[in-house]
Each structure stands twice: as structure tokens, then as C-alpha cells.
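Here's the structure we're looking at; comments come further down.
The values are calculated or read from the model by the stated rules, or taken from the named source; none is laboratory data. Because the structure is predicted, anything quoted here is derived from the model rather than measured. Positions of Cβ are backbone-derived with ideal geometry, glycine not excepted, and every protein chain shown enters the neighbour counts.
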Amino acid sequence: MNEHLKGLIVTTLGVLLVVPDSLFVRLIDAEPMVTAFWRGSIAGTIVLVVLLAVQGVRGFRAVFQTGWPGLAYTVLMGTTAPAFVFAVTQTSVANVVFIFASMPVFAALFSRIFLGEIIRARMVITMAAVIFGLGIIAYGSKETQIASWKGDIWAVYISAAFAAALTAVRKVKATSMIPAIPVAYIGAAIFLGMFVSPGEAFEAQWPLILGHGAFIGAASCLLALGHRYISSAEVALLILLESVLAPILVWWAIGENPGTWAVVGGTVVVGALVVSNVYSLLKQETRQGPGES
């Protein structure tokens, strides 16, 4: 098996393990902060154990030496864990994952502001289409009973925070930031643990809670590994699978209808990003030539 195929398989498996994330949040009967506590602590512990087994502590030392970019990445990643739970509990799953798909737009804006990179015409057109799609989703939140602008705001924050985190670590490209993930997850869980009593929920629903954390922990490891073998455009395309499959899974499992406006807006967002990333991927392959990898 060549490395490119390995990367496609590993990344696809990672994305598929992320897909049930929203459904777990819906099924676990607990306060959002309790769900976020267990999600972060279990997923973070799984990633930590895997990293220690594979590379020991040297990767953590490298992350701690990255200075403010590494700190910004860790803090931002830590905040996305509870923010995701708050988003899913306050609006429809479809709204959350469709809005989250807009992350490349925020990444382009932050790269322009903080790194001075030019926003190319392709990305300007993509951004306009995505903003239009998000506007449709926001309009639909007023019309759909299970959707709310409060949860939509949390989803926008997640998208922006992820993009800001990825922009920050581009200043330290030579360092793998994977060891920062368990630090972020476990750190967020420790912070949340100061405000909640999570024991009762775990006793009553430990299979669901353990499953939730295990899925996210395994997905984090696989996505980090897959990114080493395939291009960013390919990763972005595969991650869009979550935006398509997560609402379908929740609809099938618990009957949560995303609503017409969310589907229309989501189609605009995902469609624009698919076209943009496919164009980028084809352009990249043309530059490399048919005989290169």
C-alpha cells in the first residue's frame, strides 16, 4: 500500500469516527459542561497514552518550546471542546456542522491579517458563497424549532477558533503540534471540573460517555496521522464528509429534521468548498505533473 492511499484510508476512518460526535451529545442526558468534561478528559487521555507509547515525552518538550504560537493553539483547541457541546445542545446538528465547514474562510482571513498572505480570487469567490450559505442557515434558525441563533454563534466560534489555531501554528511549521491536543483537552476538562460534579452522570451513562470519548480520541489520532500523507486540500475534502453524514445520522437515529433552510444553506456552503478544494487539488496535480507524487 503506498503512502497516499494509506493517508486517504486513515483520514477517512478518522472523519467517520467524528461523525457520531453530535449524536453522542444528543443521547447523553447531562448538563453540557458535564458532557464536555467527559468528552475532553477521555479523548485527551486516549491521545496522551498513544503519544507516550509512540514517542515518549520528546514531542511535548518541542511543543512547550514553540512559545506564544503553541500556547495560542493549545488554548484555542481547548476551548473548542466545550464550545462544540454548547453549540449542539442549543441549535440543530445540521446548523453546527454546516457552519463548522466554513473554517477555511476564517483561515484565509486570519492568514491575511496575521501572516500577510494574499487572498486569491478563488478564495474570494468561495468566501462569498459560504457567507451567502451561512446567511441562509441563520435565516432558517428563526423558522426551525430545534435551531437557535445562540447555538449558531457557538458554531461560528468553533470555526473561527479552529482557523485561528491552525494559523498560529503555521509560524512553527517544523514542530508537530499533536502533543498539544491532549494538553488542550485535559486542560479544558480540568477547568470545567471546577464548576461541575460529573460523577453522577458517568455512573448512570458510562457506556455512552466512554464511547463518546473513545470515538473522539481515536479520531484525533487518525486525523493527525493521515495529514502526514495527503495534501491539505484532500484533508479538507474528506472532513466535509462530516458535514454531510452527521445530520443524516442524527436524523436517522433520533428523527431530528434539520429543516429546509439548513439543508439549502448547508448545500451552498459544502458545495462551494467542494468546488474550491477540487479546483485547488487539480491545480496542484497539474503543477506536479503526471509522473510525480
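Here are some residues: 197, 220. Which one is out of contact with any strand residue (DSSP E or B) (no Cβ under 9 Å at 6 or more places or on another chain), surrounded by 21 or more Cβ atoms within 10 Å (Cβ to Cβ) and among the polar types (S, T, N, Q)?
Of 197, 220, the one residue that is out of contact with any strand residue (DSSP E or B) (no Cβ under 9 Å at 6 or more places or on another chain), surrounded by 21 or more Cβ atoms within 10 Å (Cβ to Cβ) and among the polar types (S, T, N, Q) is 220.
Identify all residues within segment 156-204 that are of a type in the set (A, V, I, L, M, F, W, C), part of a loop (DSSP other than H, G, I, E, B) and under 21 Å from the mean Cα position of the chain (by Cα); write none if there are none.
Scanning segment 156-204 gives 177, 178.
Could you grab me the full set of residues in segment 165-182 that are among the aliphatic types (A, V, I, L, M) and either surrounded by fewer than 20 Cβ atoms within 10 Å (Cβ to Cβ) or closer than 17 Å to residue 259 by Cα (or both)?
172, 174
Out of all the residues in segment 96-118, which are closer than 25 Å to residue 242 by Cβ and either of a type outside the set (A, V, I, L, M, F, W, C) or surrounded by fewer than 19 Cβ atoms within 10 Å (Cβ to Cβ) (or both)?
102, 104, 109, 111
Please go through segment 248-271 and give me each residue that is more than 12 Å from residue 137 (Cβ to Cβ) and assigned to a helix (DSSP H, G or I), ordered by number.
248, 249, 250, 251, 252, 253, 254, 271
Every residue in segment 4-31 that is surrounded by fewer than 21 Cβ atoms within 10 Å (Cβ to Cβ), over 17 Å from the mean Cα position of the chain (by Cα) and not β-branched (Val, Ile, Thr), please.
4, 5, 6, 7, 8, 26, 27, 29, 31
Out of everything in segment 69-79 that is buried (at least 24 other Cβ atoms within 10 Å of the Cβ) and either among the hydroxyl-bearing types (Ser, Thr, Tyr) or touching a strand residue (DSSP E or B) at 6+ places or on another chain (Cβ under 6 Å) (or both), what residue ends up being nearest to residue 103 (Cα to Cα)?
73
When only residues in segment 215-247 that are in contact with a helix residue (DSSP H, G or I) (Cβ under 6 Å, 6 or more places away or on another chain) and among the polar types (S, T, N, Q) count, which is nearest to residue 107 (Cα to Cα)?
The residue in question is 243.
Out of (1) out of contact with any helix residue (DSSP H, G or I) (no Cβ under 6 Å at 6 or more places or on another chain); (2) surrounded by 15 or more Cβ atoms within 10 Å (Cβ to Cβ); (3) at pLDDT 80 or above, the odd one out for residue 250 is which?
In the conditions (1) out of contact with any helix residue (DSSP H, G or I) (no Cβ under 6 Å at 6 or more places or on another chain); (2) surrounded by 15 or more Cβ atoms within 10 Å (Cβ to Cβ); (3) at pLDDT 80 or above, residue 250 misses (1) alone.
Yes or no, residue by residue, for (1) in contact (Cβ under 8 Å) with a residue 12 or more places away in the chain; (2) part of a helix (DSSP H, G or I); (3) closer than 17 Å to residue 212 by Cβ; (4) touching a His at 6+ places or on another chain (Cβ under 7 Å):
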site: 36; (1), (2), (3), (4): yes, yes, yes, no
site: 39; (1), (2), (3), (4): yes, yes, yes, yes
site: 47; (1), (2), (3), (4): yes, yes, yes, no
site: 61; (1), (2), (3), (4): no, yes, no, no
site: 71; (1), (2), (3), (4): no, yes, no, no
site: 87; (1), (2), (3), (4): yes, yes, yes, no
site: 97; (1), (2), (3), (4): yes, yes, yes, no
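Where residues in segment 280-293 are at pLDDT 70 or above and surrounded by fewer than 14 Cβ atoms within 10 Å (Cβ to Cβ), which of them is farthest from the chain's Cα centre (by Cα)?
Looking at the filtered set, the residue picked out is 286.
Read through the list (1) assigned to a helix (DSSP H, G or I); (2) of a type outside the set (D, E, K, R); (3) closer than 22 Å to residue 199 by Cβ; (4) more than 18 Å from the chain's Cα centre (by Cα), then give the number of the only condition that residue 54 fails.
Against the list (1) assigned to a helix (DSSP H, G or I); (2) of a type outside the set (D, E, K, R); (3) closer than 22 Å to residue 199 by Cβ; (4) more than 18 Å from the chain's Cα centre (by Cα), residue 54 comes up short only on (3).
Do we have any residue at all in segment 125-146 that's polar (S, T, N, Q), part of a loop (DSSP other than H, G, I, E, B) and surrounded by fewer than 18 Cβ atoms within 10 Å (Cβ to Cβ)?
yes
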